[in-house]
């Protein structure tokens, strides 16, 4: 996260595959830059939907990501 903060990237979304189990589950983590550091703004575990109004309205289903 330090590289994102140093580059002053205001928002970034990470898709994490816990345990590298062959894409059986994913976690989404939305981060924002606050006071020079990246902080988690929202998160969604497998079976949940990431919802945020910032930096623009978005909804991303973890279930739909695994359909591809």
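For the reader, a short list of remarks on this structure follows.
- Filtering segment 7-47 to residues that are over 24 Å from residue 59 (Cβ atoms) and at pLDDT below 90 leaves 19, 20, 21, 22.
- Members of segment 29-68 found to be exposed (fewer than 14 other Cβ atoms within 10 Å of the Cβ), assigned to a strand (DSSP E or B) and in contact with a strand residue (DSSP E or B) (Cβ under 8 Å, 6 or more places away or on another chain), listed by number: 39, 40, 49, 51, 59
The values are calculated or read from the model by the stated rules, or taken from the named source; none is laboratory data. Only a predicted model underlies this, so the values are computations on that prediction, with no experimental measurement involved. Note: ideal-geometry Cβ built from the backbone for every residue, glycine included; neighbour counts use all protein chains shown.
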